[in-house]
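The values are calculated or read from the model by the stated rules, or taken from the named source; none is laboratory data. On a predicted model such as this, the values are computed, not experimentally measured, just so you know. So basically every Cβ, Gly included, is an ideal-geometry build from the backbone, and we count neighbours across all protein chains shown.
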Amino acid sequence: MVVDDMAAPVPEAGQALCRTLVCGVCGSDLHALDHYDHMIEMSERLGGGGHMKRGADTVFGHEFCCEVIDYGPGGGRFKPGTRVVSIPGLPSLSGFETIGYSSRTPGGFAEQIVLSDMLMMEAPNGLSAEHAALTEPLAVGEHAVAKAEPAADQVFMVVGCGPVGLAVIDGLAARGLGPIVACDFSAERRAAAERMGAHRSVDPATASPHAAWTEFGVPASPMEGLIAAAQGREVKRPVIFECVGAPGVLQSLAQAAPRGTRIVVAGVCMQTDQIEPFAFIAKEIELRFVLGYTPEEFAGSLHRLAEGKTRYTGAITRVVSLDETPAAFTALQTDKSQIKILVRPGG
């Protein structure tokens with residue numbers, strides 16, 4: 001990863017040239033940096049049409065807030081100086097680009113980027129650029145929660161309290177759901193999870209988080225569940241959000257989780273993993289894999305931030321300059337007290 005000069009992008013019709021005010025470092029950026037060629041190979045193999053190219057430069061950054069500078073031919077909706085966010089996609093004459101994962105158009109760690117006028121949303125209520133840049137990761141958590149189909153008779157465990165895990169906790173708490181058990185090795189991240197609304201946080205180095213299931217009403221066995229139901233006692237169902245994205249996590253969760261657990265996989269693992277299907281079959285464990293968000297979830301997350309209806313702004317731990325970006329990536333990989341680091345490309 002280097003900081004260097006490049007040509008400024010040129011907007012086409014329907015596109016805006018924008019100045020990046022701030023952009024968040026995502027866990028997916030860390031994975032992509034470590035597994036760049038493998039990510040390209042996976043995109044090709046899965047038919048995803050990725051636009052990162054081997055041997056070519058890619059400017060990362062998809063969690064951004066920008067200021068409109070100018071438009072391509074035909075103009076656009078917003079006046080210059082308007083503060084905007086956008087779903088990180090760019091329709092163009094040459095196809096569709098994923099902003100932050102394309103070697104053809106720069107992502108949000110560039111001082112200037114091009115955005116689609118039809119995908120941009122104005123940051124309302126005087127929302128700060130730093131908080132507006134949280135729209136994208138907050139929407140990721142919102143989508144994971146929605147895909148889990150949460151209900152009042154469930155107990156939730158969030159494994160990994162980085163930005164995605166905290167967004168999940170925030171989304172559950174905003175719905176009034178719980179109990180929520182947060183699991184992370186980092187004391188700082190566990191504290192953040194409690195601020196987001198977790199009812200309990202557990203350090204897996206000192207205690208198994210799975211010990212909390214029975215305390216919160218999840219039966220220890222099918223027979224105990226039958227007895228509890230016959231006696232009219234409330235029986236809770238377990239849901240786990242896997243927000244780590246590392247090999248071996250799914251297998252370990254299956255081995256320790258109660259029967260009938262729904263595991264929602266939000267962590268992005270880019271390495272080959274191995275599971276024993278029998279461990280999942282024997283307990284009738286359900287796996288759900290989630291990615292991204294809907295346009296409605298993105299817009300809803302922006303308005304939650306603007307209306308002060310989320311605690312997620314507390315996830316920001318540092319704001320750094322463009323020159324400090326490589327060091328920020330290293331810090332997020334090595335210092336788990338850091339959660340969400342934002343970059344100001346302009347200084």
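Would it be correct to say that ASP57 is surrounded by fewer than 21 Cβ atoms within 10 Å (Cβ to Cβ) and not in a loop (DSSP other than H, G, I, E, B)?
Details: surrounded by fewer than 21 Cβ atoms within 10 Å (Cβ to Cβ): yes; not in a loop (DSSP other than H, G, I, E, B): no.
Here the answer is no, as ASP57 does not meet what is asked.
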Exercise for the section: Would you point out the residue of region 139-157, among those that are among the acidic types (Asp, Glu) and farther than 22 Å from ILE87 by Cα, that is modelled with the lowest pLDDT? Expected result: ASP153
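Looking at region 261-285, which of its residues are in contact with a strand residue (DSSP E or B) (Cβ under 8 Å, 6 or more places away or on another chain) and farther than 23 Å from ASP170 by Cα? Show your work before the answer.
Within region 261-285, the first condition is being in contact with a strand residue (DSSP E or B) (Cβ under 8 Å, 6 or more places away or on another chain), and the residues that meet it are 261-267, 280, 285.
Residues satisfying the conditions are PHE280, ILE285.
Among LEU138, LEU177, LEU172, which is the only one that is in a helix (DSSP H, G or I) and touching a strand residue (DSSP E or B) at 6+ places or on another chain (Cβ under 9 Å)?
Values: LEU138 fails: touching a strand residue (DSSP E or B) at 6+ places or on another chain (Cβ under 9 Å); LEU177 fails: in a helix (DSSP H, G or I).
On inspection, the qualifying residue turns out to be LEU172.
Could you count how many residues in region 255-267 are closer than 23 Å to GLY141 by Cβ and among the small types (Gly, Ala, Ser)?
As a first pass, look at region 255-267 and keep what is closer than 23 Å to GLY141 by Cβ: 257, 261-267.
Checking which are among the small types (Gly, Ala, Ser) leaves us with 257, 266-267.
Number satisfying all stated conditions: 3.
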Handout entry: Output for region 300-311, where each listed residue is over 16 Å from VAL140 (Cβ atoms) and buried (at least 17 other Cβ atoms within 10 Å of the Cβ)
Key = ALA306
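Name the single residue, out of those in region 22-42 being under 21 Å from VAL244 (Cβ atoms) and not in a helix (DSSP H, G or I), that is modelled with the lowest pLDDT.
Checked region 22-42; the qualifying residue modelled with the lowest pLDDT is HIS35.
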Exercise for the section: Mind listing just one residue for me: the one in region 192-213 that is over 16 Å from GLN154 (Cα atoms) and in contact with a Phe, Trp or Tyr (Cβ under 9 Å, 6 or more places away or on another chain) and, of those, surrounded by the most Cβ atoms within 10 Å (Cβ to Cβ)? Expected result: MET196
Handout entry: Among the candidates ALA144, ALA151, residue that is out of contact with any Cys (no Cβ under 7 Å at 6 or more places or on another chain), assigned by TED's automatic domain parsing to the domain that holds ALA192 and surrounded by 23 or more Cβ atoms within 10 Å (Cβ to Cβ)
Key = ALA144
Practice task
Scan region 312-341 residue by residue and report those that are in contact with an Asp or Glu (Cβ under 6 Å, 6 or more places away or on another chain) and either within 21 Å of THR20 (Cβ to Cβ) or buried (at least 16 other Cβ atoms within 10 Å of the Cβ) (or both).
Solution key: TYR312
Exercise for the section: Just need a number here: residues in region 99-120 that are touching a His at 6+ places or on another chain (Cβ under 9 Å) and farther than 16 Å from GLY24 by Cβ. Expected result: 4
Completion exercise
Within region 174-191, the residues that are in contact (Cβ under 8 Å) with a residue 12 or more places away in the chain, over 13 Å from VAL202 (Cβ atoms) and either surrounded by fewer than 19 Cβ atoms within 10 Å (Cβ to Cβ) or of a type in the set (Phe, Trp, Tyr) (or both) are ALA174, ARG175, GLU188
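Let's see how each residue does on (1) surrounded by fewer than 17 Cβ atoms within 10 Å (Cβ to Cβ); (2) in contact with a Ser or Thr (Cβ under 7 Å, 6 or more places away or on another chain); (3) not in a strand (DSSP E or B):
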{"site": "GLU44", "(1), (2), (3)": "yes, no, yes"}
{"site": "CYS66", "(1), (2), (3)": "no, yes, no"}
{"site": "GLY76", "(1), (2), (3)": "no, no, yes"}
{"site": "PRO91", "(1), (2), (3)": "yes, yes, no"}
{"site": "GLU97", "(1), (2), (3)": "no, yes, no"}
{"site": "LEU115", "(1), (2), (3)": "no, yes, no"}
